[in-house]
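All remarks here apply to the structure that follows.
The values are calculated or read from the model by the stated rules, or taken from the named source; none is laboratory data. Worth saying up front: this structure is predicted, and the values here are computed from it rather than measured. All Cβ positions, glycine included, derive from the backbone under ideal geometry; neighbour counts span all protein chains shown.
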Amino acid sequence: MKTNLLASMQEALALVKSGNLLKATELIQQGLNGKLSKTAANQVDASVIEGELVRKPARPVQEAKVEQSQKPAQPEQRAGTAKPQFITKSFSNEHGAREYKLYIPSSYGQKPLPLVIMLHGCTQTADDFAAGTAMNQLAEELGFLVAYPNQTASANNKRCWNWFKAQDQQAHQGEPAIIAGLTQAIIHDYQADKQRVYIAGLSAGGAMAAIMGATYPKLYAAVGVHSGLAVGSATNVISALAAMNKGSCRVKEITQNSASFVPTIVFHGDSDSVVHLRNGEQVYAQAEQRLKASNDDYFNDNAFQLEQEQIKPKQGRSYTRACLNDTQGLAHIEYWTIHGAGHAWSGGNASGSYTDPQGPNASREMLRFFLSHHH
């Protein structure tokens, strides 16, 4: 009997390894002469055996949608390594509500990460802007959080950020208060380094990014303006269209009333027929005036030097880069003029709208500039 039982157990083990749990159970019952009741056999926890001997297939990666009321999503763990996530969230305060996308890189959780806020242009969405700028790929490579607020059609029927409305150009009001609140919520809910928070945008989003730097200079350590306009360029739709066509005559007056400065990098195509190149020049001039106003003694000592170079790569568009550097060689303002480029994100991915793959990589250059500055 012992020999038969041993043979039965060996055969049952082989059946378990092959995954045939039902047959193995029947064989064990026979070897024990039926002493194992059918009820007890049904109580065998097959999942425990399966967990030891059989690897379950991995679940497909799916986008997670997280509501504002839920706890912050933490990246799933697999073999001790976090998986990158691109999640949907929503934010609201007394000034309004906006949905946004948040990319969390696989390096999340190891240490506080920089945070970049990306503001899309008119008719675009967060997903479209993320695809076109390829900023998520850079976030994974360099290790930072990146958020893409979505403008609503109810706020603007073309989903433009309302950079041209007076109430949306002030701190603690309108869209600046919403975007700042959203930024602060991410800093609070996730492991973001509050000393390294940046904001950038394209077109209307670029104009709003400039406004955010002017209204919340202690929140953002640097600003990126691509094909955008200077703060105060317009106060209504008519003046906005005029500024887009030829620049604004109001910028100098507005700049004189504010001395706050945030390091700024500007990109603009010199063949832009939507937002004239003059606007990029005014963004640069405004930043320079604010830098000078906050560093009069330094300027008197010639501590800032303008360096300019023209680059003609073998492939792609040529460009001119002007940098205002301090004595250590750190650029506080950069202005990139992309020759022959229209109204599009330079070096962007063709999978997104308003991109120019031929130009220098604005996303990578912005990140280089951003990460060289902190509060």
ask   = Among the helices (runs of 4 or more DSSP H) contained in region 42-156, which hold 3 or more residues that are at pLDDT below 95?
value = 46-53
Residues that are under 16 Å from Ser351 (Cβ atoms), over 9 Å from the mean Cα position of the chain (by Cα) and in contact (Cβ under 8 Å) with a residue 60 or more places away in the chain, drawn from region 124-151 = Gln124, Asp128, Phe129, Ala131, Gly132, Thr133, Ala134, Leu138
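I want to confirm something. Restricting to region 321-351 and keeping residues that are charged (D, E, K, R) and assigned to a strand (DSSP E or B), which single residue is surrounded by the most Cβ atoms within 10 Å (Cβ to Cβ)? Full working, then the answer.
Within region 321-351, the subset charged (D, E, K, R) is 321, 326, 334.
Within this subset, residues satisfying the condition of being assigned to a strand (DSSP E or B) are 321, 334.
On the way: Arg321: 19, Glu334: 23.
If we take residues in region 321-351 being charged (D, E, K, R) and assigned to a strand (DSSP E or B), then Glu334 is surrounded by the most Cβ atoms within 10 Å (Cβ to Cβ).
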query = List pairs: first in region 262-288 and assigned by TED's automatic domain parsing to the domain that holds Ser233 and closer than 21 Å to Asp356 by Cβ, second among the acidic types (Asp, Glu) and assigned to a loop (DSSP other than H, G, I, E, B), Cβ under 9 Å, 6+ apart or cross-chain?
reply = Leu277/Asp270; Asn279/Asp272; Gly280/Asp270; Gly280/Asp272
request  = Among the residues of region 352-375, write down those that are closer than 20 Å to Asp127 by Cβ and assigned to a loop (DSSP other than H, G, I, E, B).
outcome  = Gly352, Ser353, Tyr354, Pro357
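When you scan region 302-314, do you find a residue that is within 27 Å of the chain's Cα centre (by Cα), surrounded by fewer than 16 Cβ atoms within 10 Å (Cβ to Cβ) and without any contact (Cβ under 8 Å) to a residue 24 or more places away in the chain, even just one? Can you show your working first?
Taking region 302-314 as the starting set, the residues that turn out to be within 27 Å of the chain's Cα centre (by Cα) are none.
No, region 302-314 contains no residue that is within 27 Å of the chain's Cα centre (by Cα), surrounded by fewer than 16 Cβ atoms within 10 Å (Cβ to Cβ) and without any contact (Cβ under 8 Å) to a residue 24 or more places away in the chain.
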query = Does region 152-160 contain any residue that is in contact with a helix residue (DSSP H, G or I) (Cβ under 9 Å, 6 or more places away or on another chain), in the same structural domain as Asp127 (by TED's automatic domain parsing) and buried (at least 22 other Cβ atoms within 10 Å of the Cβ)?
reply = no
The listed residue being of a type in the set (A, V, I, L, M, F, W, C), within 27 Å of Tyr100 (Cβ to Cβ) and in contact with a Pro (Cβ under 7 Å, 6 or more places away or on another chain), out of Val262, Val225 = Val262
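So, restricting to helices (runs of 4 or more DSSP H) that lie completely within region 169-255, which ones have at least 3 residues that are under 19 Å from the mean Cα position of the chain (by Cα), among the polar types (S, T, N, Q) and surrounded by fewer than 24 Cβ atoms within 10 Å (Cβ to Cβ)? Give the steps one after another, and end with the answer.
Details: elements: 174-189, 204-215, 237-246.
So the answer is none; nothing clears 3.
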message = For region 258-314, which positions are assigned to a loop (DSSP other than H, G, I, E, B), at pLDDT below 95 and of a type in the set (Lys, Arg)?
response = Lys314
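Conditions (1) modelled with pLDDT under 95; (2) under 23 Å from Phe129 (Cβ atoms), marked per residue:
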residue	(1), (2)
Ala180	no, yes
Ile187	no, yes
Tyr198	no, yes
Ala204	no, yes
Lys218	no, no
Ala222	no, yes
Gly228	no, yes
Ser248	yes, no
Ile254	yes, no
ask   = So which of Arg278, Arg317, Arg321 ends up being among the basic types (Lys, Arg) and under 24 Å from Ala234 (Cβ atoms)?
value = Arg278
